[in-house]
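The values are calculated or read from the model by the stated rules, or taken from the named source; none is laboratory data. A quick note: this is a predicted structure, and the numbers were derived from the prediction, not measured. Reconstructed Cβ throughout: ideal geometry from the backbone, glycine too, with neighbour counts over all protein chains shown.
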């Protein structure tokens, strides 16, 4: 399968859509003062077997065991997946509350993310959630079970990222790119080749001035195997065996890359910095992931 001329196995990315939301759902079983994020909807939209797992983790022993299991796969994964969502939540809310607010949200690779359903500040913001058809179908089913009728301001957009371009698909579903938009691109870039990443930024380059972008990326030296940060087993699985991860950035190169497409870097944060903001205040002893970072940027006027 190709993404505009590049080979990409989209199945690997599709299979990761449930994981982060399941972690967020389990997080709701921690006492209120120990939670890094509040999301009562996360556990409701998951498929039945995952809801059973979440229910079982109401028991502290099983809940803590699940955290330990995730941490064995990759150090810092638990806080990383939750803290990055909390960070993006805050940026989206700030963007729609400001004096000259953003007027639309486009979530590229939305998975089972719930922010546009649970954050009251976003209730009337036109929103497009874009993902592979299989994920969109499953999410629609979960939402209908959890909340009934989908909110009228949200459009679920199935797309074959291998064969279709983002702009015409979004236009077909009512997004014409003529309003300031908040773009979310969470946990996607590492699954693409550089060519595919640049094609996504070709789309983002056409956004109106003042639009905002939040996205995550994996470190380039990890993708290339030059520095494994103690995560050798995960590297062998994701990069060597599954061939799921292809692309990474060097932090020093991010600002220049964004500038090529008319975007200005505002923040490029490590997960240690996110952990300091959101995990440490809970009093839980959670390590920070070293191989991934989160970016916040603004489109030039």
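Residues of region 217-247 that are in a loop (DSSP other than H, G, I, E, B), without any contact (Cβ under 8 Å) to a residue 12 or more places away in the chain and surrounded by 13 or more Cβ atoms within 10 Å (Cβ to Cβ): 227, 228.
Scanning region 164-182 turns up one or more residues that are under 24 Å from residue 84 (Cα atoms) and part of a strand (DSSP E or B).
Would you say residue 103 is within 30 Å of residue 176 (Cα to Cα), surrounded by fewer than 21 Cβ atoms within 10 Å (Cβ to Cβ) and in contact (Cβ under 8 Å) with a residue 60 or more places away in the chain?
Values: within 30 Å of residue 176 (Cα to Cα): yes; surrounded by fewer than 21 Cβ atoms within 10 Å (Cβ to Cβ): yes; in contact (Cβ under 8 Å) with a residue 60 or more places away in the chain: yes.
Here the answer is yes, as residue 103 does meet what is asked.
List the pairs whose first member sits in region 182-193 and is at positive phi and free of Cβ contacts under 8 Å to residues at least 24 places away in the same chain, whose second member is buried (at least 24 other Cβ atoms within 10 Å of the Cβ) and part of a helix (DSSP H, G or I), and whose Cβ atoms are under 6 Å apart, counting only residues at least 6 apart or on separate chains? Close Cβ pairs (under 6 Å, with a partner that is buried (at least 24 other Cβ atoms within 10 Å of the Cβ) and part of a helix (DSSP H, G or I)) do not exist here. Scanning region 147-162 for residues that are touching a residue at least 24 places away in the same chain (Cβ under 8 Å) and either under 20 Å from residue 105 (Cβ atoms) or surrounded by fewer than 14 Cβ atoms within 10 Å (Cβ to Cβ) (or both) yields 147, 151, 153, 154, 155, 156, 157, 158, 159, 160, 161. If the condition is being in contact (Cβ under 8 Å) with a residue 60 or more places away in the chain and not in a loop (DSSP other than H, G, I, E, B), then region 264-295 contributes 269, 271, 274, 275, 277, 278, 282, 292, 293, 294, 295.
Which residue, of 54, 106, 92, is part of a strand (DSSP E or B), modelled with pLDDT of 95 or more and either in contact with a strand residue (DSSP E or B) (Cβ under 9 Å, 6 or more places away or on another chain) or within 24 Å of residue 271 (Cβ to Cβ) (or both)? Even if it seems obvious, please write down each step before you answer.
Values: 54 fails: part of a strand (DSSP E or B); 92 fails: part of a strand (DSSP E or B).
Answer to the selection: 106.
Just to be sure, is residue 207 modelled with pLDDT of 95 or more, within 26 Å of residue 218 (Cβ to Cβ) and in contact with a strand residue (DSSP E or B) (Cβ under 6 Å, 6 or more places away or on another chain)?
So residue 207 fits the description; yes.
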